[in-house]
Structure formats: C-alpha cells, structure tokens
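The values are calculated or read from the model by the stated rules, or taken from the named source; none is laboratory data. From a predicted model like this one, the values you see are computed outputs, not experimental measurements. Heads up, the Cβs are rebuilt from the backbone with ideal geometry, glycines too, and the neighbour counts pull from every protein chain shown.
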Amino acid sequence: MRILIQRVTRAKVSKVTVSEIKNDNHEETQYIIGKGLLLFVGFGKGDKEEVADYFAKKIHLLRIFENKGKFDLSLADIKGEVLVIPQFTLYGNADKGRRPEFIAAESHERSKELFDYFYDCLNKLIPCKKGFFGEKMKVELVNDGPVTLLLER
C-alpha cells in the first residue's frame, strides 16, 4: 500500500464525465475540504486490510502540522479535514521504455475493496471525503508548506 500525503490549505475533487455526443468534458459531483490532508492511495498485489487499518490510525495522529516552528500537531489536534483519492498509478513503473507498466498494482476489484475498507477505517477516526473509484477525476489543491510524504508498507 502506498499513500502520498499532501498537507493542504484546501483541496477539491470533481468527477469528470465525457459527453459522447458533444465530445467534451464537464464536471459533475465535487467534494471540497479546507485545511488538512489530501491522500492519494494505491494498492499493490497482496496488500491486506491490516495495512490499511495501520495507516488509518497512523495518519489520524501523524504530527505534520506546525506548532511554534515544529511538526507537533496532528489532524485530530487541528480538527483538519481529509480528502482520500484512489490512485492506482502510484504503482506505475517507468524503468523500461517510455510507457509506465502497472503489473505491481492490485486488481481493480480488490483495490476497490481495500480502498473502501481504508476509507471506512479513517472515517471512523476523523470525518473524510473521498474521490471516485475507477472514474476520471480532476483534483485541485493548494499545498501547504509544501509538505509531502510517501508512506509505504
């Protein structure tokens, strides 16, 4: 499981639909958060629920918000918000050729199960919003710091 964490002042995800008739894109549903964390979450082959549970607990209490110049506050401390985005391309490998391969990524069905499980675990600890699994999305963010971390297990 890989999670790219971005500390943000605000973030938004929109579901993008493509009109077959007009051949254009438009945004439908959207979710917006204020100060908090934007999480891009991907799953590798063999990932288990235990890892998702571990990361949910870790992220909830991860001290990456500043207090007197030090990373000393967690999401819980600042009453921050969370936006969770499914991102299978975190398992892309571009070592060979010019096109990434995704053979290390978990299957679509299993990734959806794990994503929903992770989201539910995290949402029990702190209110969250989530992106659209398996859909085309547009994600906007204002990175705070910038602070970006990669968690992997």
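Structure above, values below:
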{"quantity": "Odd one out for T148, checked against (1) modelled with pLDDT of 95 or more; (2) in a strand (DSSP E or B); (3) over 29 Å from R63 (Cβ atoms)", "calculated": "(3)"}
{"quantity": "Of all residues in the range 108-134 being free of Cβ contacts under 8 Å to residues at least 60 places away in the same chain and not in a helix (DSSP H, G or I), the one that is surrounded by the most Cβ atoms within 10 Å (Cβ to Cβ)", "calculated": "C128"}
{"quantity": "Segments classed as strands (runs of 3 or more DSSP E), wholly inside the range 1-101, with at least 3 members that are touching a residue at least 60 places away in the same chain (Cβ under 8 Å)", "calculated": "2-19, 24-33, 36-42"}
{"quantity": "Filter result for K68 (surrounded by fewer than 19 Cβ atoms within 10 Å (Cβ to Cβ) and under 27 Å from E135 (Cβ atoms))", "calculated": "no"}
